[in-house]
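Data block below; observations after.
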Amino acid sequence: METLEDSILNVTLIEPKLKHPTIFARFDALNEGEGFVILNDHDPKPVYYQLLGERGDIFQWEYLEQGPEWWKVGIKKRVTGESEETLGQIATKDLRKAEVFKKYGLDFCCGGKKTVKAACEEKGLNFEAVENELRQAEKDAATSPLPRPLPYNDWSLSFLADYIVNTHHSYVKTALPELLKYADKVAKVHLAQHPELLDVLQLTKEIAAELTEHMQKEETVLFPYIKQLEGSKEKGQPLIHAVKQPIVLMEKEHEIVGKSLSDIRMLTNNYELPGDACASYSLLYKMLQEFEGDLFTHIHLENNILFVKALEIEKQLNN
């Protein structure tokens with residue numbers, strides 16, 4: 001049976017003005033589930049955007065080799081009804097798309113195992129509108145002068161774990177005392193007019209308590225286990241510590257914190273300031289939004305990259 005690798009289209013042998021039409025003709029002739037490989041001497045990303053724009057999101061695009069001399073890309077026509085990428089997988093490939101998820105309140109970290117369609121149906125959102133914005137975000141990224149997101153998915157697990165501790169754990173430890181102080185201060189001043197602030201304060205306290213213990217367990221137990229796991233793979237040694245159960249526990253704790261943040265967002269009507277809000281009230285909402293944004297990225301890096309890859313290594317070492 002012919003595989004994807006057996007069907008290679010070497011576009012360097014095609015006349016320049018015929019390259020894209022040839023690729024499109026080859027794609028259009030595919031049956032669902034079939035594919036071929038583009039072989040080129042530079043990144044064929046413009047083909048991706050043209051194909052997406054003219055044919056829609058009906059194909060899979062996978063880099064098999066990325067320079068410096070040759071680029072190989074597998075293109076496969078999707079099967080109708082085939083499971084789509086999850087929120088977490090999309091954010092892992094391009095974290096800039098997470099801004100679309102944030103806009104619509106789609107949880108790509110704790111709820112990252114859901115497809116975009118399922119997540120939209122759950123929230124009563126227009127799936128096509130979200131999909132269109134995701135496509136536009138990808139097109140905008142191609143011409144944006146802004147730097148590309150950090151290549152988290154390319155880092156070693158040890159480096160990624162250290163990055164999470166030094167960047168996100170450090171931020172949480174610095175931000176939590178200020179959040180607690182202002183949540184308490186604003187509740188005392190505005191409680192009579194805004195009783196929901198008492199719940200916001202209580203939820204903030206619960207988040208602080210949960211994350212403080214949670215990060216300690218990651219830094220002293222799980223992350224060292226993951227580093228040892230990666231070392232075992234590199235040295236061809238047997239499994240020393242299993243990480244599956246600790247990861248399951250950490251993901252459950254992520255869900256608890258994610259639910260608390262979701263409740264705060266609901267209580268504050270998506271951080272909409274009331275007419276009588278003072279400067280401290282405004283600062284509290286700003287800090288809560290920033291904290292939520294950082295934690296989304298923080299948990300995404302763990303749930304969708306670090307933990308997924310660690311479990312893959314554990315599975316390999318157990319086989």
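The values are calculated or read from the model by the stated rules, or taken from the named source; none is laboratory data. In this text the structure is predicted, and so the values were computed from the model without any measurement. Using ideal geometry, Cβ is built from the backbone for each residue, glycine included, and neighbour counts are taken over all protein chains shown. Ligands, DNA and RNA are stripped out before the accessible areas are found, and what is left, the full protein with its side chains, is counted by its heavy atoms. Shrake-Rupley method; radii C 1.70, N 1.55, O 1.52, S 1.80 Å.
Per-residue ellipticity at 222 nm computed for the chain from its helices equals -18000 deg cm²/dmol, with DSSP H segments shorter than 4 residues left out and the rest contributing -39,500 (n - 2.57). Over 32 Å apart at the Cα level, from the set Lys114/Lys139; Lys19/Lys309; Lys139/Lys244; Lys117/Lys188; Lys139/Lys181, are Lys19/Lys309; Lys139/Lys244; Lys117/Lys188; Lys139/Lys181.
In order along region 282-297, the Karplus-derived 3J(HN,Hα) couplings, from 6.51 cos²θ - 1.76 cosθ + 1.60 at θ = phi - 60°, round to 4, 5, 4, 5, 4, 5, 5, 5, 5, 5, 4, x, 5, 5, 4, 5 Hz, and Gly and Pro are given as x.
Under 5 Å from the amide H of Ile8 lie the amide H atoms of Val37, each residue being 5 or more positions distant or on a separate chain, with H modelled from the backbone and absent for Pro and chain starts.
Rounded to the nearest 10 square angstrom, Glu85 shows an accessible area of 60 square angstrom against a 1.4 Å probe. Convex hull volume per residue, computed on the Cα atoms of region 233-296, equals 102 Å³.
Grab the other residues whose beta carbon is less than 15 angstrom from that of Ala277, score K and R as +1, D and E as -1, and report the net.
With Lys, Arg at +1 and Asp, Glu at -1, the neighbours total 0.
In the assembled protein chains, Asp28 presents an accessible area of approximately 80 Å² (probe radius 1.4 Å). Each label point was placed 7 Å from the Cα along the Cα-to-Cβ direction; for Lys45 and Phe24 their separation is 2.2 nm.
Multiplying each eigenvalue of the alpha-carbon gyration tensor of region 144-194 by 5 and taking the square root yields semi-axes of 37, 16, 7 Å, largest first, rounded to whole angstroms.
Separation of region 31-76 and region 163-180, taken as the distance between their Cα centroids, equals 40 angstrom.
The aspartates and glutamates within cross-link reach of Lys217, meaning a Cα-to-Cα straight distance under 20 Å and a gap of 8 or more places when in the same chain, are Asp162, Glu206, Glu230, Glu251, Glu253, Glu255, Asp294, Glu302, Glu314. Pairs of Cα atoms in region 178-302 fall into 5 Å distance bins, from 0 up to the last occupied one, in shares of 2, 10, 18, 19, 13, 10, 8, 7, 5, 4, 2, 1, 0 percent.
Accessible area of region 256-306 with a 1.4 Å probe: how many percent of it is carbon plus sulfur? Show your work: numbers first, answer last.
On the way: 1090 of 2000 Å².
Of the solvent-accessible surface of region 256-306, carbon and sulfur hold 54 percent.
Computed from backbone phi, the HN-Hα couplings of region 14-27 come to 9, 4, x, 5, 9, 4, 5, x, 5, 4, 5, 5, 5, 5 Hz, rounded to whole numbers (Karplus: 6.51 cos²θ - 1.76 cosθ + 1.60, θ = phi - 60°; Gly and Pro given as x).
Short-range pairs are left out: with C-alpha atoms under 8 Å and at least six residues apart, the relative contact order of the chain is 17 percent. The accessible area of Tyr182, taken with all protein chains in place and a 1.4 Å probe, comes to roughly 40 Å².
Against the chain, whose longest principal axis comes from its Cα atoms, helix 223-235 is set at around 20 degrees.
If Lys and Arg each add +1 and Asp and Glu each add -1, what is the summed charge of the other residues whose beta carbon sits under 15 Å from the beta carbon of Leu222?
Residues close to Leu222 contribute a combined charge of -4.
A Cβ-based charge dipole, computed about the Cα centre of the chain with Lys and Arg at +1 and Asp and Glu at -1, lands at about 300 debye.
Note on the chain: Cα convex hull, mean projected area over all directions, 20.2 nm².
Karplus-based coupling profile of region 201-215, in residue order and whole Hz: 4, 5, 5, 5, 5, 5, 4, 4, 5, 5, 5, 4, 6, 4, 5, with θ = phi - 60° in 6.51 cos²θ - 1.76 cosθ + 1.60 and x standing for Gly or Pro.
When the charge dipole of the chain is built from unit charges on Cβ atoms (+1 for Lys and Arg, -1 for Asp and Glu) and taken about the Cα centre, the candidate among Val100, Met215, Thr12 whose Cα reaches farthest toward its positive end is Met215. Computed from Cα atoms, the angle from the helix 244-267 axis to the main principal axis of the chain rounds to 60 degrees. Rounded to the nearest 10 degrees, the inclination of helix 307-318 to the longest alpha-carbon principal axis of the chain is 60 degrees.
Averaged per residue, region 1-143 has 55 square angstrom of accessible surface, using a 1.4 angstrom probe with ligands and nucleic acids left out. With Cα atoms as the point set, the radius of gyration and Dmax of region 75-206 evaluate to 19.3, 60 Å.
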